[in-house]
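The values are calculated or read from the model by the stated rules, or taken from the named source; none is laboratory data. Since the model is a prediction, treat every value here as computed from it, not as a measurement. Virtual Cβ from ideal backbone geometry, glycine too; neighbours counted across all protein chains shown.
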Amino acid sequence: MPYAIAAPRQPSRYPGLLLALIGFAVWTLFSLWPWLMHPSEPFRIREAWDTPLFWRVGMPALLLAQAAGGALTGGKVYWQPLWMLGGFFVGLLLVHPAGGDFGLFPLMLILIGIPCYLALLAVTAIGRALGDLVGD
């Protein structure tokens, strides 16, 4: 009896670029969210993680996108979270409150970047495992 052989998932830059765009979009949207909801108030950018909606909507969206990326693409699992974090950090660098400097950036990389990478790596691995399970 012949067995159907599934085509292997190929690594591609497009899913990585999409993950980077999602990371950038989530940071930017939730940094501007207070102003978008109250346009009559003066324009003010906040740190995205200072808004409760970021934790309720933005973070789950990041995790779901990362899991979908893990399920739908091939390649090494440990590279994929770097795309999401790269987009997120580009957003952090470009969309930040006026007058702030980057003096705490190295500390942020250590205290936020590494735990986020590990969480995204775990979600990617779960997504990959579910993709393999469903693909069989």
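Points worth noting:
- Filtered residues of segment 25-62 (kept if assigned to a loop (DSSP other than H, G, I, E, B) and crowded, with 19+ Cβ neighbours inside 10 Å): T51
- Residue match in segment 30-45 (condition: β-branched (V, I, T), at pLDDT 90 or above and on the phi < 0 side of the Ramachandran plot): no
- Complete set of residues in segment 87-136 that are out of contact with any helix residue (DSSP H, G or I) (no Cβ under 6 Å at 6 or more places or on another chain), β-branched (V, I, T) and either at pLDDT below 90 or buried (at least 16 other Cβ atoms within 10 Å of the Cβ) (or both): I110, I112, V134
- Any chance I22 is under 25 Å from M108 (Cα atoms), at pLDDT below 85 and surrounded by 12 or more Cβ atoms within 10 Å (Cβ to Cβ): no
- Test: residue in segment 118-135 that is within 19 Å of L17 (Cα to Cα) and either of a type in the set (D, E, K, R) or not in a helix (DSSP H, G or I) (or both): yes
- Matching residues in segment 65-96 - criterion: being part of a helix (DSSP H, G or I), within 24 Å of V134 (Cα to Cα) and more than 9 Å from the chain's Cα centre (by Cα): A67, A68, G69, G70, A71, L72, V77, Y78, W79, Q80
- Long-range neighbours under 6 Å by Cβ, at least six apart or interchain, first residue on the phi > 0 side of the Ramachandran plot within segment 50-79, second surrounded by fewer than 21 Cβ atoms within 10 Å (Cβ to Cβ): G75/P11
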